[in-house]
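The structure appears right after this line, and notes come after that.
Just so it is clear, none of the values below were taken in a lab; they were calculated from the coordinates. This one's a predicted model, so the numbers in the text were calculated from it and none came from an experiment. Don't worry about glycine lacking a Cβ; one is built from the backbone with ideal geometry, like all the others, and counts go over all protein chains shown.
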Amino acid sequence: MTDEHTATTPHGSAPSGAGAAQLGRLTSYAAGGGCACKVPPGELERVLGSLPAPLPTSAAHDHELLVGLEHGDDAAAVRIDGGRAVIATTDFFTPVVDDPFDWGRIAAANALSDVYAMGGEPVVALNLLCWPRDLVPFELAQEVLRGGATVCAEAGCHLAGGHSIDDREPKYGLAVTGLADPDRLMRNSTAEAGLPLTLTKPVGVGVLNNRHKATGEVFEHAIASMTTLNRDASRAALAAGVRAATDVTGFGLLGHLHKMARASGVTAVVDAAAVPVLDGVRESLAAGFVPGGSRRNLDWVRPHLVSDLDEDTLVVLADAQTSGGLLVAGELPGHPVVGELVPYRGHTLEVR
């Protein structure tokens, strides 16, 4: 277990150097943690709605934008020739755990996930690092970068440079470029009524990360979930002919499902009892460890939601995930079906 007052290296030794005795836990330098520190979805949509339209395709500009801002998809996709599309994405966030190596692994897996969610394979990534050099030893930043490099190597993705700045709040992530078949892209706008909904990872890491930030308790099963790549699930979805998917991150299961159902013109019906939840989440929720981002997610989808379930269950389903699983419009062997898509009923979400 990480000591509540000391940021540690992956081997548990306290960082050395001037001021080490006063060094706080890594998560103590961040106002939020992981994808729970995202801008609330409603505010983000209002800002994005004011941006100019993308460039039109023309003879002089023949790279076709396949996926842009229209539906808040996981990444941008541009066709570069008949059989290839480039997928571009970026994701970074404040410390979600105190161990710098684990934070680097989690952030990298989370950034790569956007490429997998669209049916692509990551090719090259660039580091994005913000670090308070006068507050936290730079040796810990090295461990963060090592964690990111470890996951990129596991994914078979080149990690080539990046950008760093001196910042009062530590942040880390990746800008990732991948390749995909433009005719097999998985989007959040192509879901169809009659399809089952499959979820490839349990929910609840936001609650457990919130408890970790408050108490220093370490939840290894949550770290294992967050550092697991969505690569195999993505490849299985493509093999099954899936056309619609998204990854479940900062807007929670209900938030990302609302976006998918809205973009596709359908209603999503969720069987709450079928949704896998990490051990310790409900107990932690009852003890008051709820990320503010999870409550904001629920507030955002509530006008579009029909349910008579209790508030705690809905909060878990709206919990802000970091490096969550894929939500697939289709069935994948080995993963639970958590609901179905039906013709539009005047709202996007039903939870039973």
What number of residues within the stretch 301-352 are more than 26 Å from Gly119 (Cα to Cα), assigned to a strand (DSSP E or B) and of a type in the set (A, V, I, L, M, F, W, C)?
3
So, of the residues in the stretch 95-149 that are assigned to a strand (DSSP E or B) and touching a helix residue (DSSP H, G or I) at 6+ places or on another chain (Cβ under 8 Å), which turns out to be surrounded by the fewest Cβ atoms within 10 Å (Cβ to Cβ)?
Glu121
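Yes/no matrix, rows are residues, columns are (1) within 20 Å of Gly156 (Cα to Cα); (2) among the aliphatic types (A, V, I, L, M); (3) in contact with a His (Cβ under 6 Å, 6 or more places away or on another chain); (4) not in a strand (DSSP E or B):
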position: Gly206; (1), (2), (3), (4): no, no, no, yes
position: Asn210; (1), (2), (3), (4): no, no, no, yes
position: Lys213; (1), (2), (3), (4): no, no, no, yes
position: Val218; (1), (2), (3), (4): no, yes, no, yes
position: Ala222; (1), (2), (3), (4): no, yes, no, yes
position: Thr228; (1), (2), (3), (4): yes, no, no, yes
position: Ala233; (1), (2), (3), (4): yes, yes, no, yes
position: Gly241; (1), (2), (3), (4): no, no, no, yes
position: Thr249; (1), (2), (3), (4): no, no, no, yes
Here the qualifying pairs (Cβ atoms under 6 Å; residues six or more apart or on different chains; first in the stretch 257-281 and over 23 Å from Asn210 (Cα atoms); second of a type in the set (Phe, Trp, Tyr) and in a helix (DSSP H, G or I)) come out as none
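Condition check ((1) surrounded by fewer than 19 Cβ atoms within 10 Å (Cβ to Cβ); (2) free of Cβ contacts under 8 Å to residues at least 40 places away in the same chain; (3) under 22 Å from the mean Cα position of the chain (by Cα); (4) part of a strand (DSSP E or B)) across all residues:
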| residue | (1), (2), (3), (4) |
| --- | --- |
| Leu159 | no, yes, yes, yes |
| His163 | yes, yes, yes, yes |
| Glu169 | yes, no, yes, no |
| Leu174 | no, no, yes, yes |
| Leu179 | yes, no, yes, yes |
| Ala191 | no, no, yes, no |
| Gly194 | yes, no, no, no |
| Leu197 | no, no, yes, yes |
